[in-house]
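Peer 1: Let me begin by handing over the structure; questions about it come next.
Here, each number is a calculation from the coordinates, and none is a lab measurement. The structure displayed is predicted, hence computed values, not measured ones. Positions of Cβ are generated from backbone atoms using ideal geometry, with glycine treated the same way; all protein chains shown enter the neighbour counts.
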Amino acid sequence: MATAEPILIADDIIAGYLPGVDILNGCSMEVAEGELIGIIGPNGAGKSTFLKALFGLVPIREGTVTLGGQDITNKRADELVRMGVGFVPQTNNVFPSLTIRENLEMGAFQASKGFQKQFDKIMDLFPDLASRHHQRAGSLSGGERQMVAMARALMMDPSVLLLDEPSAGLSPVRQDETFVRTREINKTGVTVIMVEQNARRCLQICDRGYVLDQGTSAYTATGQELLKDPKVIELYLGTLGA
Amino acid sequence: MTKRIDRRAIVRALIVFVVAALAVFAVSTIGSTAMADTPDAATAVAQTSAIHADAETTEAEVTVDDTAADAPGTNRIAQNVFNGLVFGLLLALASVGLSLIYGTTGLSNFAHGEQVSLGAMLAYFFATQQPVSLPLLPWEFVIGWPLWLAAIAAIVVAGGTGWLQDRFLWSKLRKRGVKMVQQMIVSIGLSLALLNLLQWWIGPDRLRVSIAIEERRQVGPIQLGDTTAVSIAISIAVLLAVAYFLLRTRLGRATRAVSDNPALAAASGIKVDAIIRLVWIMAASLAALGGILMALYDSGTKFDVGAKLLLLMFAAVTLGGLGQPFGALVGSLVIGVVVETSTLWLGPDLKYATALAILILVLLVRPQGILGRAERVG
Ligand SMILES: Nc1ncnc2c1ncn2[C@@H]1O[C@H](COP(=O)(O)OP(=O)(O)O)[C@@H](O)[C@H]1O
Ligand SMILES: [Mg+2]
């Protein structure tokens, strides 16, 4: 995997919300095509901010992001969607007053032509949603919303998918489902960059993990290596063992 | 697509409405016994000045309307409820844009009333046979277009002001991240500036957009004029068109998506700024249409009609559910009917008080407004 062409490169990103306050100070990442990347780190480390910066929602002050060799630093979100990047935010990731179907329609807003075909295709991935596609997203449970959010992001057939804590707030069974589904989506050829609180589970399924701390990408290794790394165990996994 | 408007919400709206109406009725019967010595005068004034805010104009029309009100076979209550529905429809036209702007941008636009006035003033400007002029230009001229053409021109120009405002003011403030309270204060300033501008341009007098005198016919227990009938038809058609746009078109659904969650809309590839620009144009056009139809319905208008309407518009939008696209419609109808029927028992000067009372009552029962939804969290 690591030998494949890098599709996404983030080079020494410095970014923040307010002028003069940098949340990210030197974040770097190299992602190969088809990889499943897990980002772990303590609360407030800047994981969400990093994903938002990649997606053009937080201004990058220094550093560059390239996608397939093209500079995409600070590009507008709608342009990135067109270029094949999908993003599922950590919170508020559905349109509550729109139905499930309308949510997905918004996901494919820029490519409305083949909507029905694409809709059917994505619904095959989420059979639970298919039967209730006229229900308002605001009335769904947390797990169902998470599914809608992911389905929405898949509507444009992204080549790179950014997921911010897709398992947060779900029951253990639902969490497992989410990880399995993420892996399945990745197997179809989508490069996935996933931020996760559930560090152990995340490192188990991902190809490579990044540890983010205080706005800096501290280090990277394969998921298996990180699981065995004494420092990672001490800081993020808590205890030894399964 | 009534599915999504949720029948339960409508039933709830009706219940709230009935409760509110009963409350007003109770309060007003108590009130009317207090002023029992002059019941006839009170009701006559109430009848005629239902929607005319200023006392001096109602005097002018008492003569016209008095004969109508006393015509045999006219049921006062039915007539007032009907007037209320008509007024509600026109109020809905005027306030739906206020609700759309609030929904998509979060701004409570205090200058929306002036958009209503602007529509009426522009229609007068294009239609009147009197000489008119443009601010700062020395010469006078008569345009005198037929009413329909003048109305269309007024709506187009007003829509242009919506575009202009967003292009050169609101979009800039949004981009700079100016907070909502600050933006609201800008809108209050803009409201005052526009109000003065309109007065300076058109003058302080009451104006008639159309000089035709409306023939009234007896329809069942009510009296209905031709202009009013046409106004009703136009407002229903336009409101249906707005509903169709929001529910059935891709752009309309994107508008609702932006209302729901602008950040996510952007992350989905929707051009949020373009949608908001469109909303501003629509809001200004609809407000102008509302202003024009109201000028016809009231058989007169003034540079400050919108300013006087602003509170009722805010009440209607809040009552219906802030930011809910159909909330403005439901809220307006409720406010319209309540305000008009209350004038049967209470003086017309109290109509803002009645609107406020209804607003508070409904919010106590349903804090999120009639159609507003309390979203589940997590
Ligand atoms: N919208 C925002 N405006 C200002 N500061 C923010 C905003 N969102 C997050 N932050 C700050 O950025 C830092 C990193 O937050 P975040 O990226 O959400 O961390 P993580 O996702 O790793 O838990 C925190 O200190 C947080 O307070
Ligand atoms: Mg986070």
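Peer 1: Got a sec to turn the phi values of segment B:228-242 into Karplus ³J(HN,Hα) couplings, 6.51 cos²θ - 1.76 cosθ + 1.60 with θ = phi - 60°, whole Hz, x for Gly and Pro?
Peer 2: 4, 4, 5, 4, 4, 4, 5, 5, 5, 4, 5, 5, 5, 4, 5
Peer 1: Got a sec? Charge dipole of the protein assembly as shown, +1 on Cβ for Lys and Arg, -1 for Asp and Glu; which of A:SER171, B:TRP200, B:SER171 is way out at the positive end?
Peer 2: Comparing the listed Cα positions along the dipole, A:SER171 ranks first.
Peer 1: Still on this structure, I have one more. Taking 0.36 nm per residue of sequence separation and subtracting the Cα-Cα distance, how much length would be gained by fully extending the chain between A:GLU33 and A:ARG61, in nm to one decimal?
Peer 2: Extending this stretch completely gives an extra 7.5 nm.
Peer 1: Let me ask another. Projecting each Cα onto the charge dipole of segment B:95-181 (Lys/Arg +1, Asp/Glu -1 at the beta carbon, about the Cα centre), which of B:ALA150, B:SER133, B:ILE101 comes out farthest on the positive side?
Peer 2: About the Cα centre, the residue reaching furthest to the positive side is B:ILE101.
Peer 1: OK, next. Please give the residues of segment A:36-62, grouped as numeric ranges, whose backbone N is less than 14 Å from a label point set 7 Å along the Cα-to-Cβ vector of A:ALA218.
Peer 2: Those under the cut-off are A:39-47.
Peer 1: With +1 on each Lys and Arg Cβ and -1 on each Asp and Glu Cβ, and nothing else charged, work out how big the dipole of segment A:1-128 is about its Cα centre, in Debye to the nearest 20.
Peer 2: My answer is approximately 380 debye.
Peer 1: Oh, and also: Fewest to most neighbouring Cβ within 10 Å: what's the order for B:PHE125, A:PHE87, B:PHE168?
Peer 2: B:PHE168, B:PHE125, A:PHE87
Peer 1: Filter the cross-link list A:LYS113/A:LYS187; A:LYS117/B:LYS175; A:LYS113/B:LYS179; A:LYS121/B:LYS172; A:LYS121/A:LYS231 down to pairs whose alpha-carbon distance in this structure exceeds 31 Å.
Peer 2: Flagged as over cut-off: A:LYS117/B:LYS175; A:LYS113/B:LYS179; A:LYS121/B:LYS172; A:LYS121/A:LYS231.
Peer 1: Would you mind ranking A:PHE179, A:PHE55 by Cβ crowding within 10 Å, fewest neighbours first?
Peer 2: By the 10 Å Cβ count, ascending: A:PHE179, A:PHE55.
Peer 1: On average, how many beta carbons from a partner chain sit within 10 Å of the beta carbon of a residue in A:90-97?
Peer 2: 5
Peer 1: Shifting gears a bit: What's the exposure ranking of A:VAL58, B:VAL116, A:VAL192, going from fewest to most Cβ atoms within 10 Å?
Peer 2: Ascending number of Cβ neighbours within 10 Å: A:VAL58, A:VAL192, B:VAL116.
Peer 1: Further question on the same structure: With the dipole of the protein assembly as shown worked out from charges on the C-beta (+1 for Lys and Arg, -1 for Asp and Glu) around the Cα centre, which of A:LEU18, B:LEU118, A:SER131 lies farthest toward the positive end?
Peer 2: Farthest towards the positive end: A:SER131.
Peer 1: Could you go through segment B:104-109 in sequence order and give the Karplus-derived ³J(HN,Hα) for each residue, using 6.51 cos²θ - 1.76 cosθ + 1.60 with θ = phi - 60°, rounded to whole Hz, and x for Gly and Pro?
Peer 2: 7, 10, x, 8, 8, 8
Peer 1: Once you average over the residues of B:254-263, how many Cβ atoms of partner chains fall within 10 Å of each Cβ?
Peer 2: For peptide B:254-263, the averaged partner shielding equals 5.
Peer 1: Same structure again: Size of the dipole of the protein assembly as shown about the Cα centre, Lys and Arg at +1 and Asp and Glu at -1 on the beta carbon, nothing else charged, in debye to 20?
Peer 2: The dipole of the protein assembly as shown has a size of about 1120 debye.
Peer 1: Step through the residues of segment B:213-223 one at a time and calculate ³J(HN,Hα) from phi using the Karplus curve (6.51 cos²θ - 1.76 cosθ + 1.60, θ = phi - 60°), rounding each to whole Hz and writing x for Gly and Pro.
Peer 2: Coupling constants for segment B:213-223: 8, 6, 6, 10, 10, 7, 10, x, x, 10, 9 Hz.
Peer 1: Now for a different question. Rounded to whole Å and ordered largest first, report the semi-axes of the equivalent ellipsoid of the protein assembly as shown derived from its Cα gyration tensor (root of 5λ).
Peer 2: Each semi-axis is the square root of five times an eigenvalue, giving 57, 26, 20 Å.
Peer 1: Would you mind calculating the gained length between B:ASN75 and B:ASP349 on full extension (0.36 nm times residue separation, minus the Cα-Cα distance), in nm to one decimal?
Peer 2: Length gained between B:ASN75 and B:ASP349: 96.4 nm.
Peer 1: Follow-up. Which order do the peptides B:218-227, A:145-154 come out in when sorted by mean C-beta neighbours inside 10 angstrom, highest first?
Peer 2: In decreasing order of mean packing, B:218-227, A:145-154 become A:145-154, B:218-227.
Peer 1: Restricting to chain A, compute how many DSSP beta bridges are antiparallel as a %, nearest 5.
Peer 2: Of those bridges, close to 55 percent are antiparallel.
Peer 1: Under the rule of -39500 (n - 2.57) per DSSP H run of 4 or more residues, summed and divided by the residues of chain A, what mean residue ellipticity at 222 nm is obtained, to the nearest 500 deg cm²/dmol?
Peer 2: Only helices count here, giving -9000 deg cm²/dmol.
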